[in-house]
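Each remark here refers to the structure printed beneath this line.
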């Protein structure tokens, strides 16, 4: 598990990105709020450092463990890109449907790139709309991964 002291020892003025994976998986590491606050205290000392927080297992943890997103720590929302998805928690394996929650200043340029390289979700338009609406109730999000090993996209949407 990454500690604030270990992080502080390796960060330099050239450091730009910290990737955190918590909960790591159902049987892996889950950072405590106290540990994330300590890491956040180190991160905010580096104004150009962003955090990507992979939180795909946020709903699959065992009590008495609790989950905290680093984006919820004061001063961290502005510099955190939270990666999450529906595949794990809703047993949608094969869909590989994910999203990114982040400040708008990051989402707009990322949406431009994603719109040119992503593949459409292989489901009905109605289902996509329902997933999008449900996600918007959680907060700002951008779909980031659209592929299915079981239902390849129509050839008209693929580029070679």
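Annotation: extensible slack from residue 5 through residue 112 equals 34.8 nm (criterion: 0.36 nm per residue apart, minus Cα-Cα distance).
For the peptides 29-39, 93-103, 12-22, the ranking by mean Cβ contacts within 10 Å, running from highest to lowest, is 93-103, 29-39, 12-22. For region 1-85, the convex hull spanned by the alpha carbon atoms encloses 85 Å³ per residue. If you average the alpha carbon positions of region 68-114 and of region 20-60, how far apart do those two centres end up, in angstrom? Distance between centres, Cα-based: 13 Å.
Since every read-out is calculated from the coordinates, none of them should be taken as a lab result. All values derive from a computational prediction rather than experimental measurement. All Cβ positions, glycine included, derive from the backbone under ideal geometry; neighbour counts span all protein chains shown.
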